[in-house]
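Note sheet for the following structure.
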Amino acid sequence: MKLLFITYDVDFDEDVMEMLNSLGVTGFTKWDRVLGKGKNSEPKLDDPVWPGFNCAVAVVISDDDQERILEELKKFSLRLDGKGFKVFVLPVLTVI
């Protein structure tokens, strides 16, 4: 199993959630109004100086679904030129 930690600009929220649903992802944990700064991006601190914020979604997927789901996430990232969208893939060792 893998944990996908997906962070993205709030403007893409509807697209990301629809994509996950269309891929058959039924379980997730979502955080709204996530603040931060990436290596190659402007800060998103939801204040007058650095407006805007992100969302984050954590999804656990099976190894069988990994290639199919990651391929669609890569296509989405390419359409955005990688801006405002990141996916981190981590191994899931145990679920309690």
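The values are calculated or read from the model by the stated rules, or taken from the named source; none is laboratory data. Since the structure is predicted, the reported quantities are computational estimates derived from the model, not experimental observations. With ideal geometry, Cβ positions are generated from the backbone for all residues, glycine too; neighbour counts draw on all protein chains shown. These accessible areas exclude ligands, DNA and RNA; they are computed on the full protein's heavy atoms, side chains included. Shrake-Rupley method; radii C 1.70, N 1.55, O 1.52, S 1.80 Å.
Just the residues that are open to solvent by less than 80 Å² (accessible area, probe 1.4 Å) and either more than 23 Å from GLU14 (Cα to Cα) or out of contact with any Asp or Glu (no Cβ under 7 Å at 6 or more places or on another chain) (or both), please, taken from region 35-59.
GLY36, GLY38, SER41, PRO43, LYS44, LEU45, ASP46, ASP47, ALA56, VAL57, ALA58, VAL59, listed by residue number.
Those residues that are among the aliphatic types (A, V, I, L, M), surrounded by 14 or more Cβ atoms within 10 Å (Cβ to Cβ) and in a helix (DSSP H, G or I), I need them from region 60-87; list them, please.
ILE69, LEU70, LEU73 - these are the residues of region 60-87 that are among the aliphatic types (A, V, I, L, M), surrounded by 14 or more Cβ atoms within 10 Å (Cβ to Cβ) and in a helix (DSSP H, G or I).
One residue is enough: does region 15-27 have a residue meeting the conditions on the phi > 0 side of the Ramachandran plot, open to solvent by 40 Å² or more (accessible area, probe 1.4 Å), in contact (Cβ under 8 Å) with a residue 40 or more places away in the chain and part of a loop (DSSP other than H, G, I, E, B)?
Checked against the condition, which is being on the phi > 0 side of the Ramachandran plot, open to solvent by 40 Å² or more (accessible area, probe 1.4 Å), in contact (Cβ under 8 Å) with a residue 40 or more places away in the chain and part of a loop (DSSP other than H, G, I, E, B), region 15-27 yields at least one hit.
Scanning for something modelled with pLDDT of 95 or more and under 15 Å from the mean Cα position of the chain (by Cα), does region 38-53 turn up at least one residue?
Yes.
Check LEU70, LEU78 and return the single one that is more than 16 Å from LEU20 (Cα to Cα) and aliphatic (A, V, I, L, M).
Unique residue meeting the criteria: LEU78.
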